[in-house]
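The values are calculated or read from the model by the stated rules, or taken from the named source; none is laboratory data. Values in this document were obtained by computation on a predicted structure and should not be read as measured data. Here the Cβ positions follow ideal geometry from the backbone for every residue, glycine too, while neighbour counts run over all protein chains shown. Ligands, DNA and RNA are excluded from the accessible area calculation, which covers all protein heavy atoms including side chains. Shrake-Rupley method; radii C 1.70, N 1.55, O 1.52, S 1.80 Å.
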Amino acid sequence: MSRRIALSVAAGVVVLGGAGAFALAHAGEQPPVPAHSTARYTAPDGDRDGSLTFVTDVTASSGVKSVKVLAWPEDSPFAEKQLTTKDMAAAEPAVCEPSGKDTVRCTYTTVVTGSDAESSPRGLWHIAVLATAKDGTTTLNTEASDFTVR
């Protein structure tokens, strides 16, 4: 084998090895990923309160620190001006339980009273979720799931 070919092969191995190491290092820094999100809204009926339940699975290689949830009507200022992580600061936390190596299942449930339902806009609502990993990275999904208030 000529010296030039040997040097080219060696350089290629170094470049590919370096790229692989970079990819592995970068994979460890991935932000949290919410998935399989569902929302269930039950309207109050007579003297019985209703409820809103949101469930999502969140995966983060460094672990999940927190998950915050905010329900917002489609016909609101957030439809024109997208929600930000700052808007989510006052959102309510979900309760998360381990469900895999780097995954937690998070559930948010709230009671919906008759007066809550009467004062809420009718129509399509979205659930925004802010997931924060233990390494500080965040993911904001402004429309993780939807439900309808009739």
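Give the long-range amide H neighbours of Glu74: residues separated by 5 or more places, or on another chain, with amide H under 5 Å away, using H modelled in the peptide plane at 1.01 Å from N.
For Glu74, the qualifying residues are Leu124, Trp125, His126.
Return the sequence-ordered ³J(HN,Hα) values of region 86-103 in whole Hz as given by the Karplus equation 6.51 cos²θ - 1.76 cosθ + 1.60 applied to θ = phi - 60°, using x for Gly and Pro.
Values, residue by residue: 5, 4, 7, 4, 9, 5, 7, x, 8, 9, 10, 10, x, 9, x, 3, 10, 10 Hz.
For region 61-150, give the percent of accessible area contributed by carbon and sulfur heavy atoms, probe 1.4 Å, rounded to a whole number. All intermediate terms of the calculation are to be shown ahead of the outcome.
Working: 2650 of 5220 Å².
The C+S portion of the solvent-accessible surface of region 61-150 is 51 percent.
What list of whole percents do you get for P(r) of region 20-150, with Cα-Cα distances grouped in 10 Å bins up to the one holding the largest distance?
The percentages, shortest bin first, are 13, 39, 30, 13, 3, 1, 0.
If we sort 131-141, 80-90 on the protection proxy, mean other Cβ atoms within 10 Å, highest first, what's the order? The partial results should precede the final answer.
Working: 131-141: 17.8, 80-90: 11.9.
Highest to lowest by the protection proxy: 131-141, 80-90.
Per residue, how much accessible area does region 80-150 show when a 1.4 Å probe rolls over the protein heavy atoms, in square angstrom? Mind showing how you got there, number by number?
On the way: 4250 Å² over 71 residues.
In whole numbers, region 80-150 has 60 Å² accessible per residue.
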